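Working notes for the structure below.
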Amino acid sequence: MAMLHTVNKSPFEKNSLDSCMRLAKAGSSVLLIEDGVVAAMKGTKHSNAVADAMTDVSFYVLGPDLKARGLSENNVVDGIKVVDYSGFVDLATEHESVQAWL
Amino acid sequence: MKFGILVNEGPYTHQASDSAFEFAKSAIEKGHEVFRVFFYHDGVNNGTSLAVPPQDDRHIPNRWSELAKDHSVDLVLCVAAAQRRGMLDEDEAKRNGKTSNNVAEGFRISGLGQLIEAGIQADRMVVFGD
């Protein structure tokens, strides 16, 4: 019954990640794409909330979108897995449905 | 697996049509089927035949047309969203008394039923927008 949630906005711009983390059920996954990749960075105001959410929800971040923004995979919060578009497709197939938090 | 994709944002706006295209391309490369991409709201502008982006930039509408041609992806523009934004195919232009049309190759205009059908037929529906 696991759902894949995609979040495409930075938590500094919109609260969609917050809403997503509040409503995502244990066992589901969150994939950060586009400007959402900012939430995967260590040492920001939002890093702890993401790290705390990872006790029940798996986090992934889209590598090409990190790279496009000059953000390094080395600065990603521990436990978040970096995937490419092929990994995005795999995540979509492995979960029962995909919910975009636009 | 059978994928349906919904694009709610225009080309060259933020990133939705790029993300959607990269996702579709990757899914096809991995042997999945993308049977329909439904363009809604400003997303209908992805289907214009009149875009002339700079030579060194990606040509978003052409890129979709080629994907449709090479992998028989059904590219559907929402009719109500298209009419509001001046996107007309030959039939719609005639019906509305317009002298020209601007729907790129591989795209067709149809209704929301096609989105609902995609939701029913696809194993996964993936949404891209702003």
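The values are calculated or read from the model by the stated rules, or taken from the named source; none is laboratory data. Being a predicted model, the structure only gives us computed values, none of them experimental. Methodologically, a virtual Cβ is constructed for each residue, glycine included, from the backbone with ideal geometry; neighbour enumeration extends over all protein chains shown.
Sort out which residues of the stretch A:5-23 are loosely packed, with under 14 Cβ neighbours inside 10 Å and more than 13 Å from chain B (Cβ to nearest Cβ), and write them in order of number.
Passing the criteria: A:12, A:15, A:19, A:22, A:23.
Residue under question is residue B:79, and the condition is that it be among the aliphatic types (A, V, I, L, M) and in contact with an Asp or Glu (Cβ under 9 Å, 6 or more places away or on another chain); does it hold?
When the stated conditions are applied, residue B:79 passes them.
Being under 20 Å from residue A:69 (Cβ atoms) and polar (S, T, N, Q) is the filter here, so list the residues in the stretch A:16-53 that pass it.
Of everything in the stretch A:16-53, those that are under 20 Å from residue A:69 (Cβ atoms) and polar (S, T, N, Q) turn out to be A:16, A:44, A:47.
Of the residues A:25, A:81, A:42, which single one is basic (Lys, Arg) and under 12 Å from the mean Cα position of the chain (by Cα)?
Working: A:25 fails: under 12 Å from the mean Cα position of the chain (by Cα); A:42 fails: under 12 Å from the mean Cα position of the chain (by Cα).
Just a single option satisfies the conditions, and that option is A:81.
Please pick out the residue among A:40, A:26 that is in contact (Cβ under 8 Å) with a residue 12 or more places away in the chain, away from every other protein chain (no Cβ under 14 Å) and farther than 25 Å from residue B:23 by Cα.
It is A:26.
Looking at (1) within 13 Å of chain A (Cβ to nearest Cβ); (2) not in a loop (DSSP other than H, G, I, E, B), which one does residue B:9 not meet, given that it meets all the others?
Residue B:9 satisfies all of (1) within 13 Å of chain A (Cβ to nearest Cβ); (2) not in a loop (DSSP other than H, G, I, E, B) except (2).
Scan the stretch B:84-99 and tell me whether some residue there is within 14 Å of another protein chain (Cβ to nearest Cβ) and either touching a His at 6+ places or on another chain (Cβ under 8 Å) or assigned to a loop (DSSP other than H, G, I, E, B) (or both). Break it down into steps so the answer makes sense when it comes.
Applying the first criterion (within 14 Å of another protein chain (Cβ to nearest Cβ)) to the stretch B:84-99 yields none.
Within the stretch B:84-99 (the criterion being within 14 Å of another protein chain (Cβ to nearest Cβ) and either touching a His at 6+ places or on another chain (Cβ under 8 Å) or assigned to a loop (DSSP other than H, G, I, E, B) (or both)), the answer is no, since none of the residues qualifies.
For the stretch B:67-83, name all the residues that are charged (D, E, K, R) and out of contact with any Gly (no Cβ under 8 Å at 6 or more places or on another chain). Working first, answer last.
From the stretch B:67-83, those charged (D, E, K, R) are B:69-70, B:74; that's our starting set.
Result: B:70, B:74.
Among the listed residues B:123, B:89, which satisfies the condition of being under 14 Å from the mean Cα position of the chain (by Cα), acidic (Asp, Glu), over 12 Å from residue B:39 (Cβ atoms) and surrounded by 14 or more Cβ atoms within 10 Å (Cβ to Cβ)?
B:89
Does at least one position in the stretch A:56-73 carry a residue that is buried (at least 19 other Cβ atoms within 10 Å of the Cβ), among the small types (Gly, Ala, Ser) and within 14 Å of chain B (Cβ to nearest Cβ)?
yes
Condition (residue is at pLDDT below 95, out of contact with any Lys or Arg (no Cβ under 6 Å at 6 or more places or on another chain) and within 21 Å of residue B:9 (Cβ to Cβ)) applied to the stretch B:112-130: is it met by at least one residue?
The answer is yes; a qualifying residue exists.
Check whether at least one residue in the stretch B:10-26 is closer than 23 Å to residue A:32 by Cβ and β-branched (Val, Ile, Thr), and report yes or no.
Checking the stretch B:10-26: at least one residue is closer than 23 Å to residue A:32 by Cβ and β-branched (Val, Ile, Thr).
Modelled with pLDDT of 95 or more and more than 14 Å from the chain's Cα centre (by Cα): is that true of residue A:58 in this structure?
Spelling it out, it is not the case that residue A:58 is modelled with pLDDT of 95 or more and more than 14 Å from the chain's Cα centre (by Cα).
Considering only residues that are in contact (Cβ under 8 Å) with a residue 24 or more places away in the chain and of a type in the set (Asp, Glu), which ones fall in the stretch A:67-93?
Within the stretch A:67-93, just A:78 meets the criteria.
Any residue at all in the stretch B:17-30 that is under 18 Å from residue B:119 (Cα atoms), surrounded by 24 or more Cβ atoms within 10 Å (Cβ to Cβ), without any contact (Cβ under 8 Å) to a residue 40 or more places away in the chain and not charged (D, E, K, R)?
Yes, because at least one residue in the stretch B:17-30 is under 18 Å from residue B:119 (Cα atoms), surrounded by 24 or more Cβ atoms within 10 Å (Cβ to Cβ), without any contact (Cβ under 8 Å) to a residue 40 or more places away in the chain and not charged (D, E, K, R).
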